[in-house]
Amino acid sequence: MIMIRTIFVLFVLACATALPVAVSAENLTAHEMAARGLEHAEDFPGLISICNIDEPIRDAAEKRSEGEKKQDRSGRRSEHLAPTQVFDNLYYVGTGGVASWVLETSEGLIIIDALNNNAEAEKYIVDGLETLGLDPNELQYLVITHGHGDHYGGQELLVSRYQPKVVMSDIEWTILEQPVLDFSSPRWGERPKRDISINDGDTITLGETTVQLHVTPGHTPGTVSLIFPVYDNGERHMAALWGGTGLNYGPVEDRIQSYSEAAERFRQEAKAANVDVFISNHPTRDGSAKRIKALAERQQGEKHPFVIGNGTALGALEMLRDCTQAQVLRIREGNE
Ligand SMILES: [Zn+2]
């Protein structure tokens with residue numbers, strides 16, 4: 001009897017680990033799936049809008065009315081963020097609305113995303129690095145998470161002045177080489193020219209630091225998400241950076257399905273790496289804006305506000321997985 005029960009338990013466990021999304025998706029309604037994602041809402045209020053299955057799914061290529069344009073669609077406010085040393089080896093030099101993270105290694109700097117345009121790159125990245133006592137001449141790599149101009153727009157200034165190698169996924173380079181993009185903004189600077197193409201699972205090693213690069217399609221077809229070590233007063237932690245958050249192309253079922261699957265695959269990578277820090281490239285999405293403020297008030301001996309534990313960090317990816325799955329289900333239910 002014990003034997004049979006053990007076999008049964010093992011069978012259930014095997015099913016649960018092999019097919020977590022597919023099994024549940026068949027049984028839950030869109031609303032039930034969204035509710036499952038929203039179990040993490042308290043930890044990640046900036047991700048809640050992804051779980052909204054009652055409003056139309058946003059399509060950035062569609063012209064919006066003037067009234068809509070003026071309204072901040074999720075009610076998120078972005079306040080100025082000062083350049084900040086977040087960990088011993090990780091710095092924030094973004095605006096209040098979009099992030100630029102800088103990873104310091106023994107052989108130079110890796111910068112993740114370049115903001116909207118050259119003026120922002122100058123004001124926030126170059127001046128920010130100098131304020132923090134870092135030398136922009138040490139920039140070795142610029143990783144661009146995806147081909148939207150709020151992440152590459154300031155690249156021309158950084159590349160012409162400091163010559164970092166520019167890294168994007170092969171898929172995203174190909175998209176940026178199209179003559180006309182899905183959508184663009186007059187705020188955005190020049191597109192980068194193809195340099196280093198990466199595929200899923202590639203790594204960059206600079207000095208003693210190795211950065212994992214994962215292709216996580218969904219926000220765009222070739223979005224890159226990263227996993228790398230960070231140190232708090234010498235204590236090692238692992239950070240996962242999700243490279244593209246919002247849905248912005250309307251109710252396209254297969255693209256949103258790819259998002260959900262990528263979130264699950266990246267969750268497994270983050271679990272294997274024992275990630276306990278979750279960040280993204282928009283500080284209101286991942287809570288970085290609040291955590292940076294909390295960090296400024298951190299007293300000696302207090303917990304680091306970005307170190308949230310493996311379970312909570314994985315919760316962000318479960319929320320993204322389940323809420324995008326809920327969007328797929330609502331499309332299948334005919335509720336677009
Ligand atoms: Zn984007």
Value in Å of the Kirkwood radius, where the chain supplies the Cα pairs that are averaged: 20.6
Volume per residue of the C-alpha convex hull in the range 156-224, rounded to whole Å³: 107
Euclidean distance between Cα centres, the range 26-43 to the range 126-158, Å: 37
Segment E79-N27, length gained on full extension (0.36 nm per residue, minus Cα span): 14.6 nm
Cross-link table K165/K293; K271/K293; K165/K303; K123/K290, entries beyond 30 Å C-alpha to C-alpha: K165/K293; K165/K303
Dimensions (Å) - the range 212-300, Cα atoms, principal axes, largest first: 49, 26, 15
Extension gain, T174 back to N137 (0.36 nm per residue minus Cα-Cα distance, nm): 10.4 nm
Leading residue at positive end of dipole, the range 267-336 (Cβ point charges), from L317, V275, I331: V275
For the chain, built as a Gaussian network whose Cα springs stay under 10 Å, the top-fluctuating residue of L142, L295, L226: L295
Additional length obtainable on full extension of the chain from N199 to F183, 0.36 nm per residue less Cα span: 3.3 nm
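Suppose every Lys and Arg Cβ carries +1 and every Asp and Glu Cβ carries -1, with no other charges. What dipole size does the chain come out with about its Cα centre, to the nearest 20 debye?
Around 420 debye, computed over the chain.
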Sum of -39500 (n - 2.57) over DSSP H runs of 4+, divided by residues of the chain (222 nm, nearest 500): -10000 deg cm²/dmol
Semi-axis lengths, Å, the range 92-192, gyration tensor of Cα atoms, sqrt of 5 times eigenvalues: 22, 15, 10
Most mobile of K165, K303, K271 in a GNM of the chain (Cα contacts under 10 Å): K303
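Please quote Rg/Rh for the range 258-336 to two decimal places, taking the Kirkwood radius as Rh and restricting both calculations to Cα atoms. Provide the component values of the computation, followed by the final result.
Numbers: Rg = 15.5 Å, Rh = 14.1 Å.
Reported Rg/Rh (Cα atoms, Kirkwood Rh): 1.10.
A short reminder: the numbers here are calculations on the coordinates, not readings from a lab. Just so it is clear, the model here is predicted, and its values are computed rather than measured. Don't worry about glycine lacking a Cβ; one is built from the backbone with ideal geometry, like all the others, and counts go over all protein chains shown.
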